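Undergrad: Questions regarding the structure given below will be posed in turn.
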Amino acid sequence: AVAGRGWTENDRLELAGHAYYKHASSLARKAADDINNIPEHDREKIAHYFKLAADAFAEEGQDERYAECELQVRRFLQLPKVAILVLDSKDGFREQSWNELYLTVKNIGFGSARDIDFHLDTKYFQVETEESETSFNLAAGREQVRMLHIRPLEGATGNNVPLLIRWTYLDRKNNVYKDQGSRSIEVAG
């Protein structure tokens, strides 16, 4: 930890990231084998040093090391991570006609995701809203398939019509997370 602070003060962030990572890994090894048996205070301390390492690696443009450290932060803090995958409709999309779009919503994190809510960008698609579609919860490692009715707007045709999805969710401490993703959809005229 001291070495990490020293490297950070001297603007040697790659070395700082390695020092913080080594310290966090050492603390993690000394903790219990089962993460659920580690007191929350100790898990927060370990996650703190992994976060410092992640920030240092991000500044140096080391995306793989950054992602590895962020994964450890989520693991020790038991944070959720929601991903939405787009599955194509069975019949293909047609301009100005209603199509079924299937989305797989998956919690790839380590804690429960609560109040998951998502919206599609309406620049190229009209979305049929259903009152029964409300926010929902997902435990870690679980997934749910959602079906939406969408209609490509007039002129939104081609092989690469962008479909933008934005979603939000909460962790167990009510921290709000926002994410988004896009996918190109083929739409026939």
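The values are calculated or read from the model by the stated rules, or taken from the named source; none is laboratory data. Nothing here was measured: the structure is a model prediction, and the numbers come from that model. Ideal geometry is used to build each Cβ from the backbone, glycine not excepted, and the neighbour counts take in all protein chains shown. Heads up: the accessible areas ignore ligands, DNA and RNA and are worked out on the full protein's heavy atoms, side chains in. Shrake-Rupley method; radii C 1.70, N 1.55, O 1.52, S 1.80 Å.
Undergrad: Can you tell me the mean projection area, over all orientations, of the convex hull of the chain's alpha carbons? Units nm², please. Write down the numbers at each step before the final one.
TA: Working: hull surface 52.5 nm².
Taking a quarter of the hull surface, the average projection is 13.1 nm².
Undergrad: Can you give me the distance in nm between label points at E186 and D115, each placed 7 Å from the Cα along the Cα-to-Cβ direction?
TA: For the pair E186/D115, the computed spacing is 4.1 nm.
Undergrad: How many Å² of accessible area per residue for region 126-189, probe 1.4 Å?
TA: That works out to 64 Å² per residue.
Undergrad: Between helix 40-59 and the chain, what is the angle of the helix's C-alpha long axis to the longest principal axis, kept within 0 to 90° and rounded to the nearest 10?
TA: Helix 40-59 sits at roughly 70 degrees to that axis.
Undergrad: If you don't mind, there's one more thing I want to ask. Grab the Cα-Cα distance for L153 and Q96, subtract it from 0.36 nm times how many residues apart they are, and report the gain in nm with one decimal. Numbers along the way, then the final one.
TA: Working: separation 57, 0.36 × 57 = 20.52 nm, distance 0.57 nm.
Extra length available between L153 and Q96 comes to 20.0 nm.
Undergrad: Rounded to the nearest 0.05, what FRET efficiency is calculated for K173 and N37 with R0 set to 30 Å and r the Cβ-Cβ distance?
TA: About 0.90, to the nearest 0.05.
Undergrad: If amide hydrogens are placed 1.01 Å from N in the peptide plane, which non-local residues have theirs closer than 5 Å to the one on Q126?
TA: R151, L153
Undergrad: Please list, in chain and number order, the residues 5+ apart from G111 or on another chain whose amide H is under 5 Å from its amide H, with Hs placed from the backbone.
TA: Excluding prolines and chain starts, which carry no amide H, the hits are L79, K81.
Undergrad: Please report, as a whole percent, how much of the solvent-accessible surface of the chain comes from carbon and sulfur atoms (probe radius 1.4 Å).
TA: Exposed carbon and sulfur together represent 45 percent of the surface.
Undergrad: Related question: Given a Förster distance of 35 Å, report the FRET efficiency between A83 and R12 from their Cβ-Cβ distance, rounded to the nearest 0.05.
TA: 0.50
Undergrad: Tell me the trypsin sites (Lys or Arg not before Pro) within region 51-116 that lie in a loop according to DSSP and have at most 11 other beta-carbon atoms within 10 Å.
TA: Working: sites: K51, R65, R74, R75, K81, K90, R94, K106, R114; in loops: K81, K90.
Within region 51-116, the qualifying trypsin sites (Lys or Arg not before Pro) (loop, at most 11 other Cβ atoms within 10 Å) are K90.
Undergrad: Which angle between 0 and 90 degrees, to the nearest 10, do you get for helix 13-30 versus the longest principal axis of the chain when only C-alpha atoms count?
TA: Its long axis makes an angle of about 80 degrees.
Undergrad: Per residue, how large is the accessible surface of region 1-124? Use a 1.4 angstrom probe and give square angstrom.
TA: Spelled out: the 1.4 Å probe surface of region 1-124, per residue, equals 57 Å².
Undergrad: Also: Compute the FRET efficiency between T104 and E44 as 1/(1 + (r/R0)^6), taking r as their Cβ-Cβ distance and R0 = 25 Å, and round to the nearest 0.05.
TA: The calculated FRET efficiency here is 0.20.
Undergrad: How large is the convex hull of the Cα atoms of region 112-189 per residue, expressed in Å³ as a whole number?
TA: It comes to 100 Å³ per residue, whole-number rounded.
Undergrad: E143 to L164: extension gain in nm, 0.36 nm per residue of separation minus the Cα-Cα distance?
TA: 5.6 nm
Undergrad: For region 1-148, what number of Lys pairs, 8 or more residues apart or on separate chains, have alpha-carbon atoms under 20 Å from each other?
TA: Lysine pairs, 8 or more places apart or on different chains, close enough: 7.
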